[in-house]
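Written below as structure tokens is the structure these notes are about.
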Amino acid sequence: MELIEAGSLTALGTSAHLLLPEPASRIGDGTRPAPPPATAEHQKEPTLDELWKRVVAAFDAAVEAAREDREAAKKLYDFALYGLGNRGTGHGIREAFTELKIPLDFLSHKDDQRLSA
């Protein structure tokens, strides 16, 4: 048995693994294991209030970026103009940009022409 356990002899047969020593097992310190991470199927749907808070936070971040970055301002303008569809010309967007302290010079001349049309 000692020779098999030491690896000097190889045990044969279907039950040979029973002659090998037990692998070292880790004994825990008694603390509970961490819960498994939540999977998509176990996550709860966010409430309407939670979703709305995300929208407001994303809008605030977009406005903050548009105050300092020309490209962010153009993207926010295009998003707002897209929301108008065929219902308006976009004059309100310029007023909103002014109220939100987004520099109007961040909009290209092409955008200014679309606003005055």
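None of the figures in this text is laboratory data; all of them are computed from the coordinates on show. Note that the coordinates shown come from a computational prediction; the quantities given were computed from them, not determined experimentally. Cβ placement follows ideal geometry from the backbone for every residue including glycine, while neighbour counts extend to all protein chains displayed.
With a Förster radius of 41 Å applied to the C-beta separation of Glu22 and Gln43, the computed FRET efficiency comes to 0.55. Within 11 Å, Cβ to Cβ, of Pro103, how many net charges do the neighbouring residues add up to if Lys/Arg are +1 and Asp/Glu are -1? Surrounding charge for Pro103 is 0.
Taking only the C-alpha atoms of the chain, Rg followed by Dmax gives 32.9, 95 Å.
Between Ala61 and Ala34, the C-beta separation translates, for a Förster distance of 25 Å, into a calculated FRET efficiency of about 0.20.
Proximity of backbone amide H atoms, modeled 1.01 Å from N, is registered between Asp69 and no other residue at under 5 Å, excluding neighbours fewer than 5 places apart on the same chain. What the Cβ-Cβ distance of Thr14 and Glu50 gives, at R0 = 41 Å and to the nearest 0.05, is a FRET efficiency of 0.10.
Taking packing as the residue-averaged number of other Cβ atoms within 10 angstrom, the listed peptides 32-38, 18-24, 48-54, 61-67 run from highest to lowest as 61-67, 48-54, 18-24, 32-38. Helical runs assigned H by DSSP (4 residues or longer) give the chain a calculated mean residue ellipticity at 222 nm of -14500 deg cm²/dmol, each run adding -39500 (n - 2.57) before division by the residue total.
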